[in-house]
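Here's the structure, in C-alpha cells; my notes come after.
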Amino acid sequence: MTQTIQQQRAAFALQHVKDLRRLLKPDQQKEFISYASGLPAMIHMNGLGQAMAFCKVKGKDRPSYQQLYQLVSDWLCRQGQPYAGQSEVLDGITQSDMAHYQLAQAEALVLMSWVKKFAKAFLAEDAA
C-alpha cells in the first residue's frame, strides 16, 4: 500500500524526532523544540538558503541546530525531493534553479509543521 506524501513526511519527521530522544540531552531537546518552532518564520523572512546557512553555522556550537539542519537536509535531498542526489541542502540550493528552490522552500515549511508537532509531543517530556 502506497503512502501519501503527507504520510511520508509525517513518518520521516516522527522517526527523526524519536531518534533525537537518545541523541540530545534534555536541555538540548528543549532547545530543539524552540529552534524547530522558530525555523518556519526564519524561512519566511529570510528564505530557505539563509535559514539553512544560519542553522549550519550555529550547529557548530549547538547540537540542536545541527540536528535541525540535518533533518531538513536529509528530507530535501532524498529520492523524490527537490534536491535528490545532493549530499546536503546547501549544495542543492547553490546548484539548482529557482523552481527547485521554491519547491524546496515550500516542502521544508510543510515538513516543519510535522517536526514542530512531534518535537513538542516527544522531546523533553519531563519539562513540557
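The values are calculated or read from the model by the stated rules, or taken from the named source; none is laboratory data. No experiment lies behind these values; they were computed from the predicted model shown. As a convention, Cβ positions derive from the backbone with ideal geometry for all residues, glycine included, and neighbour counts pool all protein chains shown. Ligands, DNA and RNA are excluded from the accessible area calculation, which covers all protein heavy atoms including side chains. Shrake-Rupley method; radii C 1.70, N 1.55, O 1.52, S 1.80 Å.
Observations, loosely collected:
- Restricting G38, G47, G85 to residues that are without any contact (Cβ under 8 Å) to a residue 60 or more places away in the chain and at negative phi narrows the list to G38.
- Being assigned to a helix (DSSP H, G or I), under 13 Å from the mean Cα position of the chain (by Cα) and either surrounded by 12 or more Cβ atoms within 10 Å (Cβ to Cβ) or of a type in the set (K, R) (or both) is a description that does not apply to D19.
- Members of the stretch 108-128 found to be surrounded by fewer than 20 Cβ atoms within 10 Å (Cβ to Cβ) and within 14 Å of M52 (Cα to Cα), listed by number: L109
- Each residue in the stretch 22-43 was checked for being open to solvent by 30 Å² or more (accessible area, probe 1.4 Å), of a type in the set (A, V, I, L, M, F, W, C) and under 15 Å from the mean Cα position of the chain (by Cα), and 3 of them qualify.
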